[in-house]
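Let me begin by presenting the structure, written as structure tokens, before commenting on it.
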Amino acid sequence: MNAPATSPTQGAARTPAFMQVTIKGRVDARRRHDKTTYTRIVTPAPDPYSRPQTVEVRSKGALGQVGDEIVVQALLGGYTRKPFRSMDKDTGETLMVTPVDLTLDAVE
């Protein structure tokens, strides 16, 4: 009947910044090139019948050792690659396809 008053911020999930993602998983591999560390992370599978996702996060420093479970915030980015021609098998129409590569940069 008399429920305690709650503020609007209580119990509300914090909304992430635009283009920012949270990644949780196990460090599968790590490599360095120039002054950048590339960490390959395998995420848990959503259910027993699906595959885990694999992502690579760029950072200035190490995010963890191989085998470590980590949670990292990253900024989502991307760029377009060179367009190429492709033919639609159903219609025979020639289309131009522009691939997009996504990048993940750790928030440090």
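The values are calculated or read from the model by the stated rules, or taken from the named source; none is laboratory data. Bear in mind the structure is a predicted one, so any value in this text is a computation, not a measurement. Cβ placement follows ideal geometry from the backbone for every residue including glycine, while neighbour counts extend to all protein chains displayed. Accessible surface areas use protein heavy atoms only, side chains included; no ligands, DNA or RNA. Shrake-Rupley method; radii C 1.70, N 1.55, O 1.52, S 1.80 Å.
In this simple spin-label model, placing a label point 7 Å from the Cα along the Cα-to-Cβ direction at both SER50 and LEU95 gives a separation of 2.4 nm. For the pair the stretch 21-46 / the stretch 56-72, the C-alpha centres are spaced 5 Å from each other. Multiplying the residue separation of THR15 and LEU102 by 0.36 nm and removing their Cα-Cα distance gives an extension gain of 29.1 nm. Using C-alpha pairs under 8 Å with a sequence gap of at least 6, the mean separation divided by the residue count of the chain gives a relative contact order of 24 percent. When the Gaussian network model of the chain links Cα atoms closer than 10 Å, the mean-square fluctuations of VAL21, VAL57, VAL66 top out at VAL66. Which of GLY92, GLY25, GLY67 moves most in a GNM of the chain, Cα contacts under 10 Å? Of the options given, GLY92 has the highest mean-square fluctuation.
Excluding same-chain neighbours fewer than eight residues apart, the lysines reachable from LYS24 by a Cα-Cα span under 22 Å are LYS60. For the chain, the longest stretch holding no trypsin sites (Lys or Arg not before Pro) located in a DSSP loop with at most 15 other Cβ atoms within 10 Å is which? It runs 36-59.
Taken per residue, the accessible surface of the chain reaches 82 Å², heavy atoms only and a 1.4 Å probe.
Rounded, prolate or oblate: which fits the stretch 49-97, taking a ≥ b ≥ c as square roots of the Cα gyration tensor eigenvalues, rounded meaning a/c under 1.5, else prolate when a/b beats b/c? Note, shape of the stretch 49-97 comes out prolate.
Carbon-plus-sulfur fraction of the accessible area of the chain, 1.4 Å probe, in percent? With neighbouring chains kept in place, the figure for the chain is 54 percent. Can you give me the Cα centroid spacing of the stretch 92-108 and the stretch 74-88 in angstrom? A separation of 3 Å, based on Cα centres.
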